[in-house]
Amino acid sequence: MLFSSRKPGTITKDQALPGRSAPIPTAENHFVNGHALKGPYPASCKTIIFALGCYWGAERKFWTVPGVWVTAVGNAGGFSPNPTYEEVCSGMTGHAESVLVVFDPSQVSLEALVKVFYEAHDPTQGMRQGNDVGTQYRSAIYWTDAGQEAVIRAATQAYQQALGKAGMGKITTELTPAGPFYFAEAYHQQYLAKNPHGYCGLGGTGVVCSIGTGVAA
């Protein structure tokens with residue numbers, strides 16, 4: 001079924017690594033804007049979690065968007081609590097490399113962020129993004145409140161139509177409510193700001209996602 005909550009090839013909870021009870025140490029503040037990575041966030045802000053391949057390049061797509069308060073990379077959509085980077089890369093945690101986006105909906109709409117998400121990668125590739133292959137590189141959107149689901153699904157359907165007209169395949173993006181978000185190690189946070197010539201394997205389809213770019217009333 002298109003846009004299912006779990007894709008073939010990911011592990012089950014019983015197969016997952018045990019993880020650990022203590023959070024992995026990470027940075028305190030955003031390297032670019034100085035805001036607290038784990039909050040507290042302004043009361044006006046909302047959160048959304050995107051996965052679109054290697055999170056180094058994915059995060060940079062969002063911290064540059066006006067209205068985004070802070071971004072952080074981490075792991076979501078899996079089973080193992082507080083996994084290390086090496087554990088996630090083993091494919092045995094079930095997680096996708098993800099970006100937590102904290103945004104002010106009076107300044108940037110969820111639709112605008114979903115547009116950035118879809119145009120920044122190829123959401124038809126399943127368990128990969130370009131040369132990066134593995135379940136941790138799958139495409140996913142994890143919503144954090146029930147009101148976000150309808151917006152995300154409508155945008156996804158609209159982009160599927162645009163992709164179809166361009167002769168491309170079906171969207172394989174995982175769409176599901178967010179579970180825990182586990183912050184990645186400090187050196188991963190805002191990696192491309194610290195390493196401007198670092199690796200970024202993202203590549204979009206070139207198909208425009210023609211959805212709303214307004215702000216909430």
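The values are calculated or read from the model by the stated rules, or taken from the named source; none is laboratory data. Quantities reported herein were computed from a predicted structural model and do not represent experimental measurements. Note: ideal-geometry Cβ built from the backbone for every residue, glycine included; neighbour counts use all protein chains shown.
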Could you list, in sequence order, all residues of the range 54-63 that are touching a Cys at 6+ places or on another chain (Cβ under 9 Å) and part of a helix (DSSP H, G or I)? 56, 57, 58, 60
Consider residue 63 against the criteria (1) buried (at least 22 other Cβ atoms within 10 Å of the Cβ); (2) under 14 Å from the mean Cα position of the chain (by Cα); (3) more than 30 Å from residue 13 (Cβ to Cβ): it satisfies all of them except one. Which criterion is unmet? (1)
Among the residues of the range 165-184, what is the count of those that are over 23 Å from residue 131 (Cβ atoms) and of a type outside the set (Lys, Arg)? 9
Filtered residues of the range 112-143 (kept if in contact with a helix residue (DSSP H, G or I) (Cβ under 6 Å, 6 or more places away or on another chain), more than 17 Å from residue 10 (Cα to Cα) and surrounded by fewer than 24 Cβ atoms within 10 Å (Cβ to Cβ)): 116, 120, 143
Residue check: is residue 51 in a helix (DSSP H, G or I), touching a residue at least 60 places away in the same chain (Cβ under 8 Å) and buried (at least 21 other Cβ atoms within 10 Å of the Cβ)? no
Hits in the range 161-189 - residues which are under 14 Å from the mean Cα position of the chain (by Cα), within 18 Å of residue 24 (Cβ to Cβ) and in a loop (DSSP other than H, G, I, E, B): 179, 180, 181, 184, 189
Residue match in the range 64-83 (condition: part of a loop (DSSP other than H, G, I, E, B), of a type in the set (Ser, Thr, Tyr) and over 17 Å from residue 190 (Cα atoms)): yes
Collect the residues in the range 1-34 that are surrounded by 16 or more Cβ atoms within 10 Å (Cβ to Cβ) and either in contact with a His (Cβ under 6 Å, 6 or more places away or on another chain) or at pLDDT 95 or above (or both), keeping them in residue-number order. 16, 17, 19, 24, 26, 27, 30, 32
In the range 161-179, what residues are surrounded by 13 or more Cβ atoms within 10 Å (Cβ to Cβ), touching a residue at least 40 places away in the same chain (Cβ under 8 Å) and out of contact with any Cys (no Cβ under 7 Å at 6 or more places or on another chain)? 163, 168, 169, 170, 171, 172, 173, 174, 175, 176, 178, 179
